[in-house]
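The values are calculated or read from the model by the stated rules, or taken from the named source; none is laboratory data. Treat the numbers as computed from the prediction; the structure is a model and nothing was measured. All Cβ positions, even for glycine, are placed from backbone atoms using ideal geometry, and neighbour counts span all protein chains on display.
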Amino acid sequence: DAKTTQPPSMDCAEGRAANLPCNHSTISGNEYVYWYRQIHSQGPQYIIHGLKNNETNEMASLIITEDRKSSTLILPHATLRDTAVYYCIVRVSNSNSGYALNFGKGTSLLVTP
Amino acid sequence: GAVVSQHPSWVICKSGTSVKIECRSLDFQATTMFWYRQFPKQSLMLMATSNEGSKATYEQGVEKDKFLINHASLTLSTLTVTSAHPEDSSFYICSARPLAGGGEQFFGPGTRLTVL
């Protein structure tokens with residue numbers, strides 16, 4: 001799986017958009033970008049994933065650059081409950097694949113009042 | 001949908017005893033489940049991959065005789081920490097990949113193990 005690079009920490013004011021960057025310059029053509037988050041002392045929560053097109057769901061938006069070497073997770077209106085460690089993971093998505101997720105250190109997002 | 005449960009949520013045991021942790025996919029079937037552990041202020045580390053009806057695949061450095069994994073059905077996997085010692089104290093998390101899905105995994109809430 002391609003390696004990812006994320007800033008160790010970020011702050012965001014409540015109500016503002018939180019933009020979390022991720023670099024994955026060695027990503028290959030069949031690798032997807034996944035985002036998970038982990039609130040303190042809980043299991044990780046799936047947020048969103050994409051291949052090359054931008055994706056949006058009820059939680060967030062995922063913007064992937066045209067060369068696919070980086071992406072940004074956007075939480076449009078951050079709340080205090082969005083304070084968590086956010087993990088960007090690149091891996092092959094194959095319904096027959098049993099590949100686990102390799103968690104890096106992630107970005108610790110602190111949403112402040 | 002896509003809910004994974006773990007039981008117990010926390011456990012305290014004496015050194016030398018064995019502890020069993022259950023991981024269940026409540027509303028979907030999962031041929032593959034994964035076991036992770038997380039030490040304080042560290043990221044999740046994969047311990048093993050569990051496939052229904054077959055032996056688990058362990059990551060390098062994880063003792064298969066100490067961490068027994070059983071995946072007897074499409075909705076249940078168990079991790080037994082045998083002869084637990086204080087250094088086994090950790091946060092154990094399972095995840096499950098739906099049989100019919102796009103590759104995403106869903107995680108349980110985790111089990112906090114403290115060995116005295």
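The number of residues in the stretch A:20-34 that are under 10 Å from the mean Cα position of the chain (by Cα) and either more than 11 Å from chain B (Cβ to nearest Cβ) or modelled with pLDDT of 95 or more (or both) comes to 4. Residue count for the stretch A:41-68 satisfying the condition of being over 14 Å from the mean Cα position of the chain (by Cα), under 23 Å from B:Val3 (Cα atoms) and more than 11 Å from chain B (Cβ to nearest Cβ): 1.
Identify, from the list B:Gln38, B:Gln29, the residue that is out of contact with any His (no Cβ under 9 Å at 6 or more places or on another chain) and at the interface with another protein chain (Cβ under 10 Å from one of its Cβ atoms). Answer to the check: B:Gln38. So which of A:Leu73, A:Leu62 ends up being closer than 22 Å to B:Ile93 by Cβ, touching a strand residue (DSSP E or B) at 6+ places or on another chain (Cβ under 7 Å) and not acidic (Asp, Glu)? Within the list A:Leu73, A:Leu62, the selection yields A:Leu73. Scanning the stretch A:1-25 for residues that are part of a loop (DSSP other than H, G, I, E, B) and of a type outside the set (A, V, I, L, M) yields A:Asp1, A:Lys3, A:Thr4, A:Gln6, A:Pro7, A:Pro8, A:Glu14, A:Gly15, A:Arg16, A:His24, A:Ser25. Which residues, taken from the stretch A:55-75, are touching a residue at least 12 places away in the same chain (Cβ under 8 Å) and either buried (at least 17 other Cβ atoms within 10 Å of the Cβ) or closer than 14 Å to A:Pro21 by Cβ (or both)? Of everything in the stretch A:55-75, those that are touching a residue at least 12 places away in the same chain (Cβ under 8 Å) and either buried (at least 17 other Cβ atoms within 10 Å of the Cβ) or closer than 14 Å to A:Pro21 by Cβ (or both) turn out to be A:Ala60, A:Ser61, A:Leu62, A:Ile64, A:Arg68, A:Lys69, A:Ser70, A:Ser71, A:Thr72, A:Leu73, A:Ile74, A:Leu75. Within the stretch B:10-51, being of a type in the set (Gly, Ala, Ser) and either out of contact with any Lys or Arg (no Cβ under 7 Å at 6 or more places or on another chain) or not in a loop (DSSP other than H, G, I, E, B) (or both) holds for B:Ser15, B:Gly16, B:Ser18, B:Ser25, B:Ala30, B:Ala48, B:Ser50. Exactly one residue out of A:Tyr87, A:Tyr99 is out of contact with any His (no Cβ under 9 Å at 6 or more places or on another chain), within 14 Å of chain B (Cβ to nearest Cβ) and either modelled with pLDDT of 95 or more or more than 24 Å from B:Ala2 (Cβ to Cβ) (or both), and it is A:Tyr87.
Within the stretch B:89-115, restricting attention to residues that are part of a loop (DSSP other than H, G, I, E, B) and modelled with pLDDT of 95 or more, the residue that is farthest from the other protein chains (Cβ to nearest Cβ) is B:Ser89.
Tell me yes or no: at least one residue of the stretch B:29-39 is out of contact with any Phe, Trp or Tyr (no Cβ under 7 Å at 6 or more places or on another chain), among the polar types (S, T, N, Q), in contact (Cβ under 8 Å) with a residue 60 or more places away in the chain and under 16 Å from B:His7 (Cβ atoms). Taking every residue of the stretch B:29-39 in turn, none turns out to be out of contact with any Phe, Trp or Tyr (no Cβ under 7 Å at 6 or more places or on another chain), among the polar types (S, T, N, Q), in contact (Cβ under 8 Å) with a residue 60 or more places away in the chain and under 16 Å from B:His7 (Cβ atoms). Of the residues in the stretch B:76-84, none is polar (S, T, N, Q), more than 27 Å from A:Arg37 (Cα to Cα) and within 11 Å of the chain's Cα centre (by Cα).
Hey, could you check the stretch B:59-88 for residues that are buried (at least 18 other Cβ atoms within 10 Å of the Cβ) and without any contact (Cβ under 8 Å) to a residue 40 or more places away in the chain and say which is nearest to the other protein chains (Cβ to nearest Cβ)? So the residue we want is B:His71. The single condition from (1) crowded, with 20+ Cβ neighbours inside 10 Å; (2) of a type outside the set (S, T, N, Q); (3) at pLDDT 95 or above that A:Ala13 fails is (1).
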